[in-house]
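Participant: Handing you a structure now.
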Amino acid sequence: MTSLAVANPGSLIQSVDWVAIAPPLIAAVAALAVLLTDLFLPERHKKWLGRLTAAGLALALIALLPLTGGSPRATFCVQNVAGGSDNGGCSYVADHFALVFQLLALGGALIAALLSAHTVEDERLPRGEYWFLLLSSATGAALLPASRDLATMVIALEVASLPAFALVALRRDGRGAEAAFKFFVSSVTATAVMLLGVGFVYAASGSLHLGAVAQGLEHAPGQLKPLAEAGAVLTLVGFAFKVAAVPFHFWVPDTYTGAPLPVAGYLSVVGKAAGLSGLALATTVAFRPYAHTWGLVLAVLAAVTMTAGNVGALRQRFDTRYSAVRLLAWSSVGQAGYLLVPLAAAGYAPTGVDPLGATAAYALIYGVVNLGAFGVVAAVGRRPGTSVDDFRGLFARNRWTALALAFFLLCLAGLPPGVIGLFGKVVVFRAAVDAGLGWLAVVMAVNVVIALYYYLLWTARLFAPAGDEPLAEAAAGSRLPVSLTATLGLTASAAVVLSVAPQLVLQVAGGSLF
């Protein structure tokens, strides 16, 4: 009979670094608290569920502060032969990279929660379910950047995605179910392909921890290299779907149109941040031995994605229903292409140079201004199917709302006075040029010029003579709900502060994230 006793049983027990895992843990606890509170709270008091959600996300953001100083903190680690552990064998690492993307995920979720308060009431969405699903998805988005093994990354990606399907479907006007179905089917297909790839990678490398995967792939036998390369490509499919990179972008316009507007804004920022962090970890850490291969693939993917997004936006008619949201949807696809440029550059960058900071900096900038733009659309569009032409003459009716949207659009375009958007694009350009990807920088420059057309055309409508559309008449002189006012004030203030002091976010691009 084989004895299962070990010399030192206490060595099998690991302590958990609760401070390191606090940000996603607080969001998860808040989700459970909202779900339980909804069972006992009378209907007339269920407005407090939204406030509880915002408080939970704010606490999760505050929990990032103790992690900002000192060396990275790791937990859930596998002990090495000497009885110790290092970050390479840990499943959760709270380093600079994780903190930046957790700030984006939790901050974006908080702004989406503020944006959702009036939508939940106006559209009579089920309050308990809505806030629980939003917090659950934010938990997965915050967990993914700190994950350091493929199994945890897949679980975090699904925790971020599955509640998002239900959030899209909560809109009960016929379009929500169709949008959720398209989102669900395409996401499940991408996840299945990704899981197949993870299986191939595990078979070739013998490990799921990202650092060990890189070592295993580097020393894999020749007969396993085709399997490893195929696994690496298939693994990246799931993350490319979340980023909305071509050809996994086709769900975006219909899903954003059918979803409640705050959910569309949430997906455009937080969902994209989760996929981007997973893509960065998988490529630069796990698949480092294949850097030149995935670097070229991501460069081509970035060029095609930004071109497809901007051309799709150009083809959008401004007088059609839902054109405002569809234009922002195509714009988010184009912006995803810009976000992929520094990731592609990381495959060609010399040792010691880390272009990932450019992606993180641009993602932070994009998150603030894009959620602000969705906030203005929610503030102005008080009826379904808002078109871009409905914004004609907004400056004459609501000066500050029009100025806020104009500023957000100029930031997305990279034009003054949206200085932070301009600096963000310069940082991305520099990452491509420094990596020797001059052709990709040229493609990006052409796409930036293309995007100027539809951003400026929308901006011009804000200051044009007022039309006689029903929306224009309804919005004249109306007061915004407190939650919408807070959302616009927060995002506009952040964009202005970053434009005045861009070093607050651009310093992320100056150092290594790992």
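Participant: Test of understanding: among SER91, SER71, which residue is open to solvent by less than 30 Å² (accessible area, probe 1.4 Å) and not in a helix (DSSP H, G or I)? Don't jump to the end; show me each part of the working.
Facilitator: Numbers: SER71 fails: open to solvent by less than 30 Å² (accessible area, probe 1.4 Å).
Answer to the selection: SER91.
Participant: Grab the helices (runs of 4 or more DSSP H) fully contained in region 338-454, keeping just those with 3 or more residues being hydrophobic (A, V, I, L, M, F, W, C) and open to solvent by less than 10 Å² (accessible area, probe 1.4 Å). Full working, then the answer.
Facilitator: Numbers: elements: 356-380, 394-397, 399-413, 419-434.
In region 338-454, the matching helices (runs of 4 or more DSSP H) lie at 356-380, 399-413, 419-434.
Participant: Taking TYR322, is it open to solvent by 10 Å² or more (accessible area, probe 1.4 Å), touching a His at 6+ places or on another chain (Cβ under 8 Å) and in contact (Cβ under 8 Å) with a residue 40 or more places away in the chain? Don't jump to the end; show me each part of the working.
Facilitator: Working: open to solvent by 10 Å² or more (accessible area, probe 1.4 Å): yes; touching a His at 6+ places or on another chain (Cβ under 8 Å): no; in contact (Cβ under 8 Å) with a residue 40 or more places away in the chain: yes.
The answer is no for TYR322.
Participant: Turning to a different aspect of this structure: Having 1 or more residues that are under 30 Å from LEU327 (Cβ atoms) and of a type in the set (D, E, K, R) is the bar; report the helices (runs of 4 or more DSSP H) wholly within region 214-266 that clear it.
Facilitator: Details: elements: 225-243, 252-258, 261-266.
Qualifying helices (runs of 4 or more DSSP H): 225-243, 252-258.
Participant: Across region 33-68, which residue is least open to solvent (accessible area, probe 1.4 Å) among those that are closer than 20 Å to GLY108 by Cβ, in a helix (DSSP H, G or I) and without any contact (Cβ under 8 Å) to a residue 40 or more places away in the chain?
Facilitator: The residue in question is ALA55.
Participant: If GLN335 meets every condition in (1) open to solvent by less than 30 Å² (accessible area, probe 1.4 Å); (2) within 16 Å of ALA240 (Cβ to Cβ); (3) polar (S, T, N, Q); (4) over 16 Å from the mean Cα position of the chain (by Cα) apart from one, which number is that one?
Facilitator: With respect to (1) open to solvent by less than 30 Å² (accessible area, probe 1.4 Å); (2) within 16 Å of ALA240 (Cβ to Cβ); (3) polar (S, T, N, Q); (4) over 16 Å from the mean Cα position of the chain (by Cα), GLN335 is out only on (4).
Participant: Being crowded, with 24+ Cβ neighbours inside 10 Å, of a type outside the set (Val, Ile, Thr) and within 22 Å of ALA156 (Cβ to Cβ) is the filter here; which residues of region 250-261 pass it?
Facilitator: Across region 250-261, the qualifying residue is only ALA259.
Participant: Take VAL482 and tell me if it is surrounded by fewer than 20 Cβ atoms within 10 Å (Cβ to Cβ) and at pLDDT 85 or above.
Facilitator: Working: surrounded by fewer than 20 Cβ atoms within 10 Å (Cβ to Cβ): yes; at pLDDT 85 or above: no.
No, not satisfied.
Participant: Exactly one of these conditions fails for LEU195: (1) crowded, with 18+ Cβ neighbours inside 10 Å; (2) modelled with pLDDT of 90 or more. Give me its number.
Facilitator: Single failed check for LEU195: (1).
Participant: Based on what the data block shows, is TYR290 open to solvent by 30 Å² or more (accessible area, probe 1.4 Å) and either of a type in the set (Ser, Thr, Tyr) or under 30 Å from LEU110 (Cβ atoms) (or both)?
Facilitator: Numbers: open to solvent by 30 Å² or more (accessible area, probe 1.4 Å): yes; either of a type in the set (Ser, Thr, Tyr) or under 30 Å from LEU110 (Cβ atoms) (or both): yes.
The answer is yes for TYR290.
Participant: Name every residue in region 293-319 that is open to solvent by 40 Å² or more (accessible area, probe 1.4 Å) and part of a helix (DSSP H, G or I), in order of residue number. Lay out the reasoning, then the answer.
Facilitator: At the first step, the residues of region 293-319 found to be open to solvent by 40 Å² or more (accessible area, probe 1.4 Å) are 293, 296-297, 300, 304, 307, 311, 314-315, 317, 319.
THR293, LEU296, VAL297, VAL300, VAL304, THR307, VAL311, LEU314 - these are the residues of region 293-319 that are open to solvent by 40 Å² or more (accessible area, probe 1.4 Å) and part of a helix (DSSP H, G or I).
Participant: Of all the residues that make up region 163-185, how many are aliphatic (A, V, I, L, M), surrounded by fewer than 19 Cβ atoms within 10 Å (Cβ to Cβ) and in contact with a Ser or Thr (Cβ under 8 Å, 6 or more places away or on another chain)? Break it down stepwise before answering.
Facilitator: Going through region 163-185, the residues aliphatic (A, V, I, L, M) turn out to be 164, 166-170, 177, 179-180, 185.
Add one more test, that the residue is surrounded by fewer than 19 Cβ atoms within 10 Å (Cβ to Cβ), and what stays is 166, 177, 185.
Applying the additional criterion that residues be in contact with a Ser or Thr (Cβ under 8 Å, 6 or more places away or on another chain) yields none.
Final tally of qualifying residues: 0.
Participant: Can you tell which of VAL100, VAL188, VAL154 is within 24 Å of ILE62 (Cα to Cα) and either in contact with a Pro (Cβ under 8 Å, 6 or more places away or on another chain) or among the β-branched types (Val, Ile, Thr) (or both)?
Facilitator: Details: VAL188 fails: within 24 Å of ILE62 (Cα to Cα); VAL154 fails: within 24 Å of ILE62 (Cα to Cα).
Answer to the check: VAL100.
Participant: Can you pull out every residue in region 212-231 that is in contact (Cβ under 8 Å) with a residue 24 or more places away in the chain and buried (at least 19 other Cβ atoms within 10 Å of the Cβ)?
Facilitator: Residues of region 212-231 that are in contact (Cβ under 8 Å) with a residue 24 or more places away in the chain, as a first pass: 212-214, 217-218, 227-231.
Answer for region 212-231, where residues must be in contact (Cβ under 8 Å) with a residue 24 or more places away in the chain and buried (at least 19 other Cβ atoms within 10 Å of the Cβ): VAL213, ALA214, LEU217, ALA228, GLU229, GLY231.
Participant: Do any residues in region 4-32 that are modelled with pLDDT under 55 have Cβ atoms under 8 Å from those of residues that are open to solvent by 50 Å² or more (accessible area, probe 1.4 Å) and part of a loop (DSSP other than H, G, I, E, B), where the two are at least six apart or on different chains, and which pairs are they?
Facilitator: Going by the 8 Å Cβ cut-off, the qualifying pairs are SER11/GLN79; LEU12/VAL6.
Participant: Let me ask you something else. I need every pair where a residue in region 252-269 that is touching a residue at least 40 places away in the same chain (Cβ under 8 Å) has its Cβ under 9 Å from the Cβ of a residue that is in a loop (DSSP other than H, G, I, E, B) and of a type in the set (Asp, Glu), sequence separation at least 6 or different chains.
Facilitator: As it stands, the answer is GLY258/ASP173; PRO260/GLU123, since those pairs meet every condition given.
Participant: If only one of GLY206, GLY197 is small (Gly, Ala, Ser) and in contact (Cβ under 8 Å) with a residue 12 or more places away in the chain, which one is it?
Facilitator: On the way: GLY206 fails: in contact (Cβ under 8 Å) with a residue 12 or more places away in the chain.
One residue alone meets the criteria, GLY197.
The values are calculated or read from the model by the stated rules, or taken from the named source; none is laboratory data. In this text the structure is predicted, and so the values were computed from the model without any measurement. When we count neighbours, we look across all protein chains shown, and the Cβ atoms used for this are built from the backbone with ideal geometry, even at glycine. Protein only, heavy atoms only, side chains kept; ligands, DNA and RNA dropped before computing areas. Shrake-Rupley method; radii C 1.70, N 1.55, O 1.52, S 1.80 Å.
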